[in-house]
């Protein structure tokens, strides 16, 4: 049995500013397992490390497997400073993995890495969920019941 479905219409609330960070890889040469496998297994280890941290700066995440060659992770961070501090901390998993990637793979084209970072100001977002378990921003923040008549424009106050 999967996560509990919340019947009805809900919005996601999150206090203050936050960051949405999309990160993924692309396996350009699947037969070169020795190159892409370490990159592939690094992300779950980083996510476990972040989930285990006291007062984790990573509020939530979701793995997307739209293609088996191109996994993507959507991450919700408390702030850009928290994201940057984690990425540059040599005592955490990210920095050594990134350095190893450039040392072993570099720009050879066999395994691609990408990311996009979006800083979101308080109130400059909206999310709606109908008959869904907590997911996405509602999982990273809070879920609140929503009437049946509000529109995206109204929730964004634009």
Picked from the range 26-54 (must be without any contact (Cβ under 8 Å) to a residue 12 or more places away in the chain and part of a loop (DSSP other than H, G, I, E, B)), the residue surrounded by the fewest Cβ atoms within 10 Å (Cβ to Cβ) is 54
Members of the range 55-77 found to be over 8 Å from the mean Cα position of the chain (by Cα) and in contact (Cβ under 8 Å) with a residue 60 or more places away in the chain, listed by number:
59
For the range 8-25, indicate whether the set of residues that are assigned to a loop (DSSP other than H, G, I, E, B) and over 17 Å from the mean Cα position of the chain (by Cα) is non-empty.
yes
Could you please find all residues in the range 55-88 being touching a strand residue (DSSP E or B) at 6+ places or on another chain (Cβ under 7 Å), in a helix (DSSP H, G or I) and surrounded by 18 or more Cβ atoms within 10 Å (Cβ to Cβ)?
83
Take residue 95 and decide whether it is at pLDDT 90 or above, in contact with a helix residue (DSSP H, G or I) (Cβ under 8 Å, 6 or more places away or on another chain) and farther than 18 Å from residue 137 by Cβ.
yes
Which of the helices (runs of 4 or more DSSP H) found entirely inside the range 89-158 contain at least 3 residues meeting this: free of Cβ contacts under 8 Å to residues at least 24 places away in the same chain?
94-104
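The values are calculated or read from the model by the stated rules, or taken from the named source; none is laboratory data. Bear in mind that the values here come from a model prediction, so they are computed numbers and not experimental data. Counting neighbours? That spans all protein chains shown, and the Cβs are built from the backbone with ideal geometry, glycine included.
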